[in-house]
Amino acid sequence: MQLFISCDMEGTAGVCSWSQCDPENRHEYPVFRRLMTLEVAAAVEGALGGGASQILINDSHWSMHNLLLDELPPRPEIRVISGAPKPWSMMQGLSDASDAAFFTGYHAKAGDAATLAHTFSDDVHCVTVNDVACSEALLNAALAGSYGVPVLMITGDRAIVDETLRHLPWAVGVSVKDPIGFSSVNSLPPSAARDAIRKGAREAMGRVGNARPFTFQPPLELRIETAAVEHADFIELLPGFTRIAGRAVRATAGDYPSLFASFLAATRIAAAANRPS
Ligand SMILES: [Zn+2]
C-alpha cells in the first residue's frame, strides 16, 4: 500500500510561535524542526506497522527542507521530497498511484481563533470552495480526493483536527495540543505526542477500506478574501479571476486540480504585491 504524507510544522507538539518555525531563527528553529521530524518518523513507524509498503513524504513547511533526514527510519520503502518552490506545494508527489494520505503537523485555517492560524499565506484572509471555508487540510484533502485518494489521518492542534474530522469522519485525528491564542498553546510533551501519532497511524492504515476520497461537487467556485487590497489587485491579473470586492476575487473551474492550481497561483502572485516592483 502506497502512502503519501504531507508534513507541516506549526501543528507539532509544543510549537506556539512563528519564531520556532522560521528557518532564519538559528536558536529556536533547530529545536523545533527536530520535533517536527520525530513526529513524522512516528507516523512512518505506525504506518509501516499498519501495512504501508511504500511511503512518500512531502516536506510541506516554509522552505520545505525542514526534515532531518537522518532521523527518519532507515528504510528503503521511504522517499522524501525536499525543497521549494515546487508546483504542487504541500501536495507535490501525490498521484493516483497513492492509496492513502496522512497530514501531519497541520494547523488551523486563517481567521480561526487558534495558534498560528493561516491558509498557505498571510495574504489570504479567507478561502472558500463552493461556499465552504477551507483550511490547508481541506484544500489538500480535496486534491487527494480528486485522484481518488482518501486522507486517513490528520495530526496537529485540536482546532484543525476537530474541523477536519467533521469533513472527513473516516479519518483518525491526533490532537497534540490545545490552542490558547495565536502564539500560545497547552501541549502534550513531544514524546507523548509521538506515541499517540504512532498509534494513530497504525490504526489509520486499518481504515483504508472504509475511508472515502473527499471531494467538492462541480460546478466549482473558488473565492479568496485577501488580507489587503493590493493582493486582490495582483490576483485579478491572473486569467480566470474576477474581482468581486476590494479584497475579494473569484474563479471557477471544471475540475478540482485546476481550481487548486488557480489557488496556488493566486497566493504566489499575491506575494509579489508585498514587494516594491
Ligand atoms: Zn507550515
Can you tell me which residue within the stretch 249-272, out of those that are surrounded by fewer than 19 Cβ atoms within 10 Å (Cβ to Cβ) and among the small types (G, A, S), is farthest from P85 (Cα to Cα)? G254
What pairs come out if I take residues in the stretch 61-74 that are farther than 20 Å from Q92 by Cβ and pair them with residues that are at pLDDT 95 or above and away from the ligand (no atom under 16 Å from the Cβ) whose C-beta lies under 8 Å away, six or more apart or interchain? E71/L38; E71/A41; P73/A41; P73/V44; P73/E45; P73/L48
Determine whether L138 is touching a His at 6+ places or on another chain (Cβ under 7 Å), in a helix (DSSP H, G or I) and either in the same structural domain as M36 (by TED's automatic domain parsing) or buried (at least 16 other Cβ atoms within 10 Å of the Cβ) (or both). yes
Which members of the stretch 2-39 meet the condition of being in contact with a strand residue (DSSP E or B) (Cβ under 7 Å, 6 or more places away or on another chain), hydrophobic (A, V, I, L, M, F, W, C) and away from the ligand (no atom under 13 Å from the Cβ)? L3, F4, I5, A13, C16
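Quick grid of which residues meet (1) closer than 23 Å to S60 by Cα; (2) basic (K, R); (3) in contact with a Leu (Cβ under 7 Å, 6 or more places away or on another chain):
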position	(1), (2), (3)
V151	yes, no, yes
I154	yes, no, no
P190	yes, no, yes
R207	no, yes, yes
T242	no, no, no
Residues of the stretch 64-79 being closer than 20 Å to Y29 by Cα and surrounded by 11 or more Cβ atoms within 10 Å (Cβ to Cβ), in sequence order, are M64, H65, N66, L67, L68, L69, E71, L72
Does the stretch 186-194 contain at least one residue that is under 17 Å from K109 (Cβ atoms), of a type outside the set (F, W, Y) and touching a Lys or Arg at 6+ places or on another chain (Cβ under 7 Å)? no
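Here is a yes/no grid of residues against (1) of a type outside the set (A, V, I, L, M); (2) within 17 Å of the chain's Cα centre (by Cα); (3) assigned by TED's automatic domain parsing to the domain that holds S82:
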| residue | (1), (2), (3) |
| --- | --- |
| S6 | yes, yes, yes |
| E10 | yes, yes, yes |
| G14 | yes, no, yes |
| S19 | yes, no, yes |
| E24 | yes, no, yes |
| E28 | yes, no, yes |
| L38 | no, no, yes |
| A42 | no, no, yes |
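The values are calculated or read from the model by the stated rules, or taken from the named source; none is laboratory data. What you see is a predicted model; the values in this text were computed from it and never measured. With ideal geometry, Cβ positions are generated from the backbone for all residues, glycine too; neighbour counts draw on all protein chains shown.
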